[in-house]
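Below is one structure, written out as structure tokens, with a few remarks after it.
The values are calculated or read from the model by the stated rules, or taken from the named source; none is laboratory data. None of the values given here were measured: they were computed from a predicted structure. Cβ atoms come from the backbone with ideal geometry, glycine included; neighbour counts cover every protein chain shown.
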Amino acid sequence: MNLKRIEGEEVVKMHFLSNDVLQNETQIIERKQKLINGMILGNLERQKSQIAFHAIEGDGYIESVIFAVTDKYICLKGGITLLIASIIEVWV
């Protein structure tokens, strides 16, 4: 997988599809757990996570603190939101 590092101000300009990039239910559950772990470490220790995602403009990743995880979105440092369904992988 060839991923381009994307800065936060660029992510807000990108377009995401609402259908999930992961098809396997186990992978979807694991992704959610990694996001929650990243949120805990982000809020307690300000630890950054790397988040790979799929956008219409191409695949990329952002390195940021995860402040909140909802049913459909994550909230990153700087008030940036990212659609969970677009997230390919999370490294905490």
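Just name the residue that is surrounded by the fewest Cβ atoms within 10 Å (Cβ to Cβ) out of those in region 30-54 that are farther than 9 Å from Val65 by Cβ and of a type in the set (S, T, N, Q). Selected residue: Gln33.
A quick yes/no check of all residues on (1) under 15 Å from His15 (Cα atoms); (2) in a loop (DSSP other than H, G, I, E, B); (3) out of contact with any Cys (no Cβ under 6 Å at 6 or more places or on another chain); (4) of a type in the set (Phe, Trp, Tyr):
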| site | (1), (2), (3), (4) |
| --- | --- |
| Gln47 | no, yes, yes, no |
| Ile51 | no, no, yes, no |
| Gly60 | yes, no, yes, no |
| Ala68 | no, no, no, no |
| Asp71 | no, yes, yes, no |
| Gly78 | no, no, yes, no |
| Leu82 | yes, no, yes, no |
| Val90 | no, no, yes, no |
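Within region 55-80, the set of residues being more than 22 Å from Gln23 (Cα to Cα) and surrounded by fewer than 19 Cβ atoms within 10 Å (Cβ to Cβ) comprises Glu63, Val65, Phe67, Ala68, Cys75, Lys77, Gly78, Gly79, Ile80.
Results for (1) out of contact with any strand residue (DSSP E or B) (no Cβ under 7 Å at 6 or more places or on another chain); (2) among the β-branched types (Val, Ile, Thr), shown as yes or no for each residue.
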{"site": "Lys34", "(1), (2)": "no, no"}
{"site": "Met39", "(1), (2)": "no, no"}
{"site": "Arg46", "(1), (2)": "yes, no"}
{"site": "Ile51", "(1), (2)": "no, yes"}
{"site": "Glu63", "(1), (2)": "no, no"}
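When region 78-90 is filtered for residues that are touching a Lys or Arg at 6+ places or on another chain (Cβ under 8 Å) and among the hydrophobic types (A, V, I, L, M, F, W, C), the ones remaining, listed by number, are Leu83, Ile84, Ala85, Ile87, Val90. The set of residues in region 36-75 that are touching a helix residue (DSSP H, G or I) at 6+ places or on another chain (Cβ under 7 Å) and either among the aliphatic types (A, V, I, L, M) or modelled with pLDDT under 95 (or both) comprises Ala55, Ile62, Val65, Ile66, Ala68, Val69, Ile74.
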